[in-house]
Amino acid sequence: MKILLGVSSSIAAHRALDLASSLRKRGYEVRAVLSPSVPNLIGPAAFEAITGQRAITTLWGGGHESEMDHLAATKWADHFVFVPASANLLAKLAHGIADDAIGTFAIAFNKRPYIIAPAMNPEMWRSIAVQENVATLRRRGHRFIGPVVGETACGDNGLGRMAPVEWIEQAILEQVENWEPLPDLSGERILISGGPTREFADDVRFLSNPSTGKMAYAIAREAIAAGAKVTLVSGPVELATPTGIEKMVRITTANEMLNAMLAELPNATMAIFAAAVSDWRPAERLKGKLKKRDGEDTMSVTFARTHDIAFEASKVRREDQLFVGFAAESDGLTANAEEKLRRKGFNLVFANPINESGAGFACETNHGLLLWADGRRETVENQGKRRIARRLLSEALRLRSQ
């Protein structure tokens, strides 16, 4: 697989070297084309050392005897990735300006959509001109990865920092493997619940489940990459906070999750209930640690039901809000999922078996059944949770457009 790496003059240009190195380790061929000012930041020799190919900085003296360089390079390449993409480069891509090598190459490459990773000052990213150029490129089908919220090189903090290299690499792999493209979620504010809850019997013992939060966090990462503003309400998990998230709310108990979800719901256009909430809690929480006593071989605990978070949220939802739910079941998969769909007012439910190989808690993959409120059903074959996350987001956006 051959990748043309377009690098514009941004202080983040050094991260293009990291991307090129990682892609080369995967066995891909990479060739860099640099905007005229990049050599002031990083010399072409650095890219040549990593890629093993001459870096292109000009259309003149290209070294191709039989054809012009812009035709040779674009015929050679299977994919064109712009990392980082400055405001100037976005303008060139949107308006077809071909006054240097990178702009000319972009005009000559028509095989697949570009993958674009912007990087600039947050105020520049907010500019109407930049946003109109981004909208133009999105309409043409090109994919944006980031930017994300963070501190930029100038010291300002906000939306403009280049997305993590691993996000960009994943986008390339998805394009190579023909994954379904991510929808444009730039107008969505998505509220997601994830992970388990813990319901305490005393100060050290609690009732919980094996949920790792991987599904919810995958949805959050994919939604952020697609341009959505995401709030994640998470139970106790051992996962890193998704880069670029707008708000992270960490909770422990079902009651805390209920309060957090209801507090954040008014700000959301879409709510995705992916948490594995404990259905029961000890009716009484004892102080301290309940000690074992000689002669006592059993202990009785009275349990009380926890609130059904999605059901409670359905009582106060707006008509324009989409609700997506999960049904993790050991038996009666379809019937139980249909009941949840109706009772909780979901627009879409993903039902998955928890007692089958490759599905359920703590797995990297999942499979199951998609159910829509209009009665449609579709089987989802076993696949990675990131791909399932993308499918759910795509289907939710389709419901929005109906």
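Since every read-out is calculated from the coordinates, none of them should be taken as a lab result. Every value quoted in this text rests on a predicted model; they were computed, and no experiment measured them. All Cβ positions, even for glycine, are placed from backbone atoms using ideal geometry, and neighbour counts span all protein chains on display.
Per-residue ellipticity at 222 nm from helix content only, as computed over the chain with -39500 (n - 2.57) for each DSSP H run of at least four residues, stands at -9500 deg cm²/dmol.
With the alpha-carbon atoms of the stretch 221-329 aligned to their principal axes, the span from lowest to highest coordinate is 61, 32, 27 Å, starting with the largest. When the pairs Lys25/Lys75; Lys289/Lys344; Lys92/Lys214; Lys247/Lys340; Lys247/Lys385; Lys289/Lys385 are compared against a 30 Å limit on Cα-Cα distance, Lys289/Lys344; Lys92/Lys214; Lys289/Lys385 fall above it. Toward the positive end of the charge dipole of the chain, with +1 on the Cβ of Lys and Arg and -1 on the Cβ of Asp and Glu, the farthest Cα among Gly6, Ile42, Trp125 is that of Trp125. Summarised as an ellipsoid, the stretch 260-315 has semi-axes of 37, 11, 9 Å, derived from the eigenvalues of the Cα gyration tensor scaled by 5 and square-rooted, with the largest first.
Here the stretch 2-176 is treated as a Stokes sphere of Kirkwood radius computed over C-alpha pairs; at 20 °C and 1.002 mPa s its diffusion coefficient rounds to 134 µm²/s. Looking at the stretch 103-205, the trypsin sites (Lys or Arg not before Pro) that sit in a DSSP loop and have at most 12 other Cβ atoms within 10 Å of their own Cβ are Lys111, Arg140. Binning the C-alpha pair distances of the chain at 10 Å intervals from 0 yields a P(r) profile of 4, 21, 27, 20, 15, 8, 3, 1, 0, 0 %, listed from the shortest bin outward. Note on the chain: antiparallel DSSP beta bridges, both residues inside, total approximately 30 percent of the bridges counted. Setting aside same-chain residues fewer than 8 positions from Lys287, which aspartates and glutamates have a Cα under 18 Å from its Cα? Straight-distance partners of Lys287: Glu199, Asp202, Asp203. Sequence neighbours fewer than 8 away in the same chain don't count; with that in mind, list the aspartates and glutamates whose C-alpha is under 16 Å from Lys229. By straight Cα distance, Lys229 reaches Asp184, Glu188, Glu246, Glu264. Basic side chains Lys and Arg get +1 at the Cβ, acidic Asp and Glu get -1 at the Cβ, and with that the dipole of the stretch 203-334 about its Cα centre reaches some 440 debye. Considering only Ala275, Ala129, Ala225, the mean-square fluctuation computed in a Gaussian network model of the chain, springs between alpha carbons under 10 angstrom, is largest for Ala129. Remark: Ser193, Ser394 ranked as Ser394, Ser193, counting other beta-carbon atoms within 10 Å and listing the fewest first.
Considering only Ala263, Ala117, Ala240, the Gaussian network model of the chain with Cα springs below 10 Å gives its largest mean-square fluctuation to Ala240. Short-range pairs are left out: with C-alpha atoms under 8 Å and at least six residues apart, the relative contact order of the stretch 125-243 is 24 percent.
Residues Glu123, Glu188, ranked from the fewest to the most other C-beta atoms within 10 Å, line up as Glu123, Glu188. Over all other residues within a Cβ to Cβ distance under 11 Å of Arg386, the charged ones net out to +3, with Lys and Arg as +1 and Asp and Glu as -1. For the stretch 130-218, the fraction of alpha-carbon pairs lying more than 15 Å apart is 76 percent, rounded to a whole number. If only the Cβ of Lys and Arg carry +1 and only the Cβ of Asp and Glu carry -1, the dipole of the stretch 2-176 around its Cα centre is close to 440 debye. Residue order for Cys154, Cys363, fewest other beta carbons within 10 angstrom first, comes to Cys154, Cys363.
Entry note, the stretch 1-142: relative contact order of 26 percent, from Cα contacts under 8 Å with a spacing of 6+ residues.
Here's how it looks for Met270: its modeled amide H is under 5 Å from those of Arg189, Leu191, Leu322, which are all 5 or more places away or on a different chain. Using the Cβ atoms and a cut-off under 11 Å, what net charge is assigned to the surroundings of Arg161, where Lys and Arg are +1 and Asp and Glu are -1? With Lys, Arg at +1 and Asp, Glu at -1, the neighbours total -1.
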